[in-house]
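A.B. asks: Structure provided below as structure tokens; questions to follow.
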Amino acid sequence: MTVHHAPPVPDVFDPRRYATGVPYDAYRVLRDHHPVVRQDEPEVLGWPAGPGFWAVTRHADVVRVLKDSATYSSYIGATQIRDPDPDDLPFIRRMMLNQDPPGHGRLRRLVSRAFTPGRIDRFTRVAQDRARTLLARALAEARSSDGTADLVGAVTDDYALLNLADLLGVPEADRRLLLHWTQRVIGYQDPDEAGPAVLDEKGRPVNPRSPAMLRDMFGYAQQLAAHKRRYPDDDVMTTLAHDPELSGPELEMFFFLLTVAGNDTVRSAAPGGLLALAEHPEEYERLRDGSAELPSAVDELLRWHPPVLTFRRTAAEDTELAGRRIRAGDKVVVFHASANRDERAFTDPDRLDLSRTPNPHVSFGDGPHVCLGAHFARLQLRVLYREVVRVLPELRTAGPPERLVSNFINGLKSLPLHIT
């Protein structure tokens with residue numbers, strides 16, 4: 001009789017692992033042998049050790065967790081793997097992302113009013129002009145050098161940032177603040193993005209989502225709202241500033257969420273999609289000749305390179321998942337990037353297929369917290385890729401991309417491509 005022993009549990013927590021690529025081989029081991037398993041939280045990069053968490057890697061289990069907000073709460077411990085400081089938790093819970101129904105649904109309905117059809121049409125035209133301008137700049141940069149350009153620095157960072165600034169109504173002189181805040185909050189595990197860690201009086205890193213670290217952003221949000229009340233315009237902040245149902249603290253939290261999540265979703269997804277196209281020239285050619293349609297291509301590129309790697313929930317009660325007993329208060333972390341490559345949900349998941357259908361990827365989550373800006377993210381990606389296909393007959397990598405040190409965001413810090 002042959003006894004088959006399950007392989008050891010690989011570490012998929014350490015953010016430094018992701019600087020060399022998403023650990024898809026480790027995810028496969030987890031899906032096949034340890035679909036719901038304990039992961040340690042050792043001290044890493046100066047951040048203190050934590051109690052550990054349950055890693056959930058199969059598609060069906062990820063969807064179950066995301067849809068069942070009564071059992072798996074966003075409110076109890078918020079949505080980041082690391083536990084927030086207990087003193088900061090009441091503040092962090094005010095954000096829509098860290099609430100459960102019914103309060104979460106109320107906030108979603110309030111902010112959704114700002115996205116009117118007319119505003120969407122205007123936004124689409126502006127995004128198209130911006131994509132053309134930025135790609136022309138990248139081509140000029142390539143012609144003046146060796147035929148290569150960093151498409152993160154030349155195109156995708158500014159594309160995401162300036163689109164968001166237009167949508168919010170941030171004055172041109174202040175727009176770099178949005179990138180600064182995004183890097184500080186999203187890239188806090190990466191010294192290149194966040195800079196030196198801010199330490200408290202005990203020498204511990206200060207959570208970038210704490211009140212102390214967000215004071216400048218919130219102060220700006222209130223100033224901008226006051227300006228929009230005096231000088232209204234066709235933008236989201238004007239709508240939010242004039243909404244009588246929205247309190248001052250709620251407006252601050254919406255500004256935080258739209259600035260950080262609204263920027264970084266596209267900022268991470270766009271270069272990831274371009275890298276996938278450069279590494280799969282046959283699929284890029286299908287996109288160029290029209291045999292693969294843009295809407296399905298956008299979703300397949302999102303499946304291939306999800307902007308968000310993980311999200312945390314906290315068990316509100318004792319429960320069971322994939323045969324494992326989970327206790328109330330346990331951290332439960334879903335791995336979007338693993339679910340998107342699950343053979344149980346996708347045929348041949350390690351093949352890029354721009355015509356893939358159905359495509360039930362979870363890159364924008366699922367359930368009540370499905371990404372509020374998913375429509376706008378898809379719109380921006382369609383516009384950008386359409387312009388790329390129009391002006392660039394070929395995409396070739398000119399060196400390895402530089403990846404973000406993060407177990408949360410699937411980010412690229414640089415993407416050198418040969419472009420003609």
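A.B. asks: With Leu352, Leu379, Leu372 as the choices, which residue is over 27 Å from Arg31 (Cβ atoms) and either over 16 Å from the mean Cα position of the chain (by Cα) or in a loop (DSSP other than H, G, I, E, B) (or both)?
C.D. replies: Selected residue: Leu372, the only one of Leu352, Leu379, Leu372 that is over 27 Å from Arg31 (Cβ atoms) and either over 16 Å from the mean Cα position of the chain (by Cα) or in a loop (DSSP other than H, G, I, E, B) (or both).
A.B. asks: What do you reckon, is Val298 in contact with a Phe, Trp or Tyr (Cβ under 9 Å, 6 or more places away or on another chain), over 24 Å from Phe13 (Cα atoms) and open to solvent by less than 20 Å² (accessible area, probe 1.4 Å)?
C.D. replies: yes
A.B. asks: Same structure again: Could you list all residues from segment 402-420 that are farther than 22 Å from Pro281 by Cα, open to solvent by 20 Å² or more (accessible area, probe 1.4 Å) and part of a strand (DSSP E or B)?
C.D. replies: Lys413
A.B. asks: Moving to a separate point now. Enumerate the helices (runs of 4 or more DSSP H) found wholly within segment 187-265, keeping only those where 2 or more residues are modelled with pLDDT under 80 and of a type in the set (Ser, Thr, Tyr).
C.D. replies: Here the list is empty.
A.B. asks: Another question, then. Across segment 272-295, which residue is surrounded by the most Cβ atoms within 10 Å (Cβ to Cβ) among those that are assigned to a helix (DSSP H, G or I) and without any contact (Cβ under 8 Å) to a residue 40 or more places away in the chain?
C.D. replies: If we take residues in segment 272-295 being assigned to a helix (DSSP H, G or I) and without any contact (Cβ under 8 Å) to a residue 40 or more places away in the chain, then Glu285 is surrounded by the most Cβ atoms within 10 Å (Cβ to Cβ).
A.B. asks: Could you grab me the full set of residues in segment 321-370 that are open to solvent by 20 Å² or more (accessible area, probe 1.4 Å) and more than 30 Å from Glu283 (Cβ to Cβ)?
C.D. replies: Once the filter is applied, which keeps residues that are open to solvent by 20 Å² or more (accessible area, probe 1.4 Å) and more than 30 Å from Glu283 (Cβ to Cβ), segment 321-370 yields Ala322, Gly323, Arg324, Arg325, Arg327, Ala328, Gly329, Asp330, Gly367, Pro368, His369.
A.B. asks: So Phe53 passes all but one of these: (1) within 21 Å of Asp100 (Cα to Cα); (2) open to solvent by 10 Å² or more (accessible area, probe 1.4 Å); (3) part of a strand (DSSP E or B). Which condition number does it fail?
C.D. replies: (2)
Conditions tested, residue by residue: (1) modelled with pLDDT of 95 or more; (2) surrounded by fewer than 17 Cβ atoms within 10 Å (Cβ to Cβ).
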| position | (1), (2) |
| --- | --- |
| Asp14 | yes, no |
| Tyr18 | yes, no |
| Tyr24 | yes, yes |
| Gln39 | yes, no |
| Gly46 | no, yes |
| Lys67 | yes, yes |
| Thr71 | yes, no |
| Ile76 | yes, no |
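A.B. asks: Return the only residue of Leu107, Leu179, Leu168 being crowded, with 16+ Cβ neighbours inside 10 Å and under 18 Å from Leu415 (Cβ atoms).
C.D. replies: Leu179
A.B. asks: Here is a follow-up. Could you tell me which residue of segment 134-152 is farthest from the chain's Cα centre (by Cα), considering only residues that are loosely packed, with under 15 Cβ neighbours inside 10 Å and assigned to a helix (DSSP H, G or I)?
C.D. replies: Arg143
A.B. asks: Next up: So, in segment 301-318, how many residues would count as being touching a residue at least 40 places away in the same chain (Cβ under 8 Å) and surrounded by fewer than 17 Cβ atoms within 10 Å (Cβ to Cβ)?
C.D. replies: Final tally of qualifying residues: 1.
The values are calculated or read from the model by the stated rules, or taken from the named source; none is laboratory data. Everything numeric in this text was worked out from a predicted model, so none of it was measured. A quick note on method: Cβ atoms are made from the backbone with ideal geometry, for glycine too, and the neighbour counts reach across all protein chains shown. Accessible surface areas use protein heavy atoms only, side chains included; no ligands, DNA or RNA. Shrake-Rupley method; radii C 1.70, N 1.55, O 1.52, S 1.80 Å.
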